[in-house]
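S.K.: Encoded as structure tokens, here's the structure I'll be asking about.
The values are calculated or read from the model by the stated rules, or taken from the named source; none is laboratory data. This is a predicted model, so every value here is computed, not measured. Every residue, glycine among them, receives a Cβ derived from its backbone with ideal geometry; neighbour counts consider all protein chains shown.
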Amino acid sequence: MREQLIHLLELQTCDGKVRELESAAKQLPAKLDPLRRDLAKLQGMIDAERTKLNETEAWRKAQQDNIDKEREQFRSAQHKLQASKNSKEFNAASREVENKRKGTQDREAELKKIVEQLAASTTQLQARDGDVQKLRDELAASEAAMADQVNSLNAQLADAKAARDKARSLVDKQWVKTYDTLAAKRGYAVAPVIKGVCQGCHMALPPQLNNILARMESIEMCPRCGRLVYRKELLEPAATAPATEDPKPA
Ligand SMILES: [Zn+2]
């Protein structure tokens, strides 16, 4: 029975390791989520800015068209002025020329401001594009590094699973079944007893059960939590080395 208990403990250790590695392998890719979120946010801002920039550019073009038209009108007003036959016509035409000149000048000043603003926005957008690209590169590098980590974790996991299968094969069928049921229900199946207390549920065992455990002739269950119990000092002799994991079979 001592052997069986040792195999059961080994199986428990291996199962723990497999679970640990599985959860690490699952959590690893999620570590890059904050970076992915930052990137998406920045990209969204840039897209919004680009849309605004395109709108401003369209507006600029429309303004330019207006100016071209006004220049045309200005020229035709000048022709009228030259062709004026009397002072009435001359006065009207010169007012028109003056109006057109003023209008065109105002629009041109406004357009100049917009062109400057467009240039500044374009420069800013290019800088942001650069930032996003840097972030993208960073993410790609992290993902590559992570792929290596994931591969290494998966390799460790394969080893751990092989060790687990081997440990499982050493446990008698009847105990494997009990072990699985307990592990599913209680999280883990085998618990040490220290000074008469089950470490799975912290209940003091009846003294006669504790005595039975001392003989190591049978595998017993804790009356409260149902875990398979053993006296720690019999399988794990007084710690000579700093607390380590469960002992491996010799
Ligand atoms: Zn218990």
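S.K.: Do any residues in the stretch 68-90 that are farther than 12 Å from GLY103 by Cα have Cβ atoms under 6 Å from those of residues that are outside any helix (DSSP H, G or I), where the two are at least six apart or on different chains, and which pairs are they?
M.R.: PHE90/SER84
S.K.: So which residues in the stretch 1-28 are surrounded by 14 or more Cβ atoms within 10 Å (Cβ to Cβ) and more than 28 Å from LEU234 (Cα to Cα)?
M.R.: LEU21, GLU22, ALA24, ALA25, LEU28
S.K.: Looking at LYS80, LYS17, which is the one that is at pLDDT below 95, outside the structural domain of SER218 (by TED's automatic domain parsing) and more than 30 Å from ARG215 (Cα to Cα)? Step through it out loud before you land on a result.
M.R.: Numbers: LYS17 fails: at pLDDT below 95.
Among LYS80, LYS17, only LYS80 is at pLDDT below 95, outside the structural domain of SER218 (by TED's automatic domain parsing) and more than 30 Å from ARG215 (Cα to Cα).
S.K.: Here's a follow-up. Across the stretch 188-197, what is the total count of residues that are free of Cβ contacts under 8 Å to residues at least 40 places away in the same chain and within 12 Å of the ligand (Cβ to nearest atom)?
M.R.: Quick first cut of the stretch 188-197, residues free of Cβ contacts under 8 Å to residues at least 40 places away in the same chain only: 191, 193-197.
With the extra rule that they be within 12 Å of the ligand (Cβ to nearest atom), the set shrinks to 191, 193-194, 196-197.
Residues that pass the stated criteria total 5.
S.K.: Just to be sure before I move on: is ARG36 basic (Lys, Arg) and within 39 Å of the chain's Cα centre (by Cα) in the structure I sent?
M.R.: Taking the combined requirement at face value, the residue satisfies it.
S.K.: Could you check, for the stretch 202-221, whether at least one of its residues is within 16 Å of the ligand (Cβ to nearest atom), acidic (Asp, Glu) and outside any helix (DSSP H, G or I)?
M.R.: Yes, some residue in the stretch 202-221 is within 16 Å of the ligand (Cβ to nearest atom), acidic (Asp, Glu) and outside any helix (DSSP H, G or I).
S.K.: Name the pairs: first residue in the stretch 198-213 and among the charged types (D, E, K, R), second residue within 7 Å of the ligand (Cβ to nearest atom), Cβ to Cβ under 6 Å, at least 6 apart or on different chains?
M.R.: Cβ pairs passing all conditions: none.
S.K.: Here's another thing I want to ask about it. What pairs come up if the first residue lies in the stretch 92-116 and is over 16 Å from LEU81 (Cα atoms), the second is charged (D, E, K, R), and their beta carbons are under 8 Å apart, counting only those six or more places apart or on different chains?
M.R.: Going by the 8 Å Cβ cut-off, the qualifying pairs are GLY103/GLU70; THR104/GLU70; THR104/ARG71; ARG107/GLU70; LEU111/ARG60; ILE114/ARG60; VAL115/ARG60.
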